[in-house]
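Have a look at the structure below before the remarks.
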Amino acid sequence: MKRYNKPAALTLALLLCTAICAPAWADDSVYYAKTGQLEVRAQAIRTVTPDTVDISIGATAEKASEKEALSEVNEIIAKVIDSLKELDVPENQIRTSQLNITPRYTSFGSSRRIAGYTASVSLTVTLKDFDMINTVIDTSVAHGANNIGGMRFSFSEEGLVYRQALTDAITVARQKAETMAAAAGVELGMLLYLRESGYNTYAYSNSYMAMEMAAPMADDGYAGAQVMSGEIQIQASVDLTYETR
């Protein structure tokens, strides 16, 4: 019986494996060399006029005790709510959004003690009639509100507009891919990857216009609120990957 030493047998096995496997590796390398990918990102923006605004209106009071501070701020808020109802603001469009009571401290050397308490209550008032914005703010201030927070303008059909922007973004991405492929001398193949990569809403209010259009000051020195609704931009972004050949 003919014997083979182990090193020689191992070498022969490796050579056979190389001969058998080499064509498959070569085919793969050729495939990936001929089949490339083209990645594109695009965004689209739709602009709308807002139809809803949320206004934060509140009051803050500082007193020696928690009870006194909360009592005073509650009295102010009650007057503000009554005044808003007199303006025919529906009750379901007025809601309490925040209530805080915090201690105020006085320092004595390395120690400190409570000097009093600060109570604050905030309302969120939702309006559809933008002609009421300035009146609502002025009336609230006249009845004791001393904390007018931010405003959030929104559009009730924002979801629909976003889907339109998303369609626009995909169309733009496809056009970009076609332009790039043509410039590179390749053809687009099938779509390999599609991802929604961004959704943003931006509200723009022309506050500088509000200052320029500010009403003359009243006898008490209060000029009155001047709020501009501006526009809302709804942005959609997408990532696409195409096969090229």
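No value in this document is a laboratory result; all are computed from the given coordinates. The structure displayed is predicted, hence computed values, not measured ones. Because the Cβ atoms are built from the backbone with ideal geometry, glycine has one as well, and the counts that use them run over all protein chains shown.
Brief remarks on what is shown
- Long-range HN-HN contacts of Arg104 with modeled amide H, under 5 Å: Ala115, Gly116, Tyr117, Thr118
- Placed amide H near Gly189: partners under 5 Å, 5+ positions off or other chain: Glu243, Thr244, Arg245
- Whole-Hz couplings from phi, Karplus 6.51/-1.76/1.60, listed for region 159-173; x for Gly and Pro: x, 5, 5, 5, 4, 5, 5, 5, 4, 4, 5, 5, 4, 5, 4
- Around the amide H of Gln98, modelled in the peptide plane, lie the amide H atoms of Ser122, all under 5 Å away and 5 or more residues distant in sequence or on another chain.
- Panel order for Glu91, Glu187, by other beta carbons found within 10 Å of each beta carbon, from fewest to most: Glu91, Glu187.
- The reciprocal of the average 1/r between distinct C-alpha atoms defines the Kirkwood hydrodynamic radius, which for region 52-154 equals 14.5 Å.
- Additional length obtainable on full extension of the chain from Ala142 to Glu86, 0.36 nm per residue less Cα span: 18.8 nm
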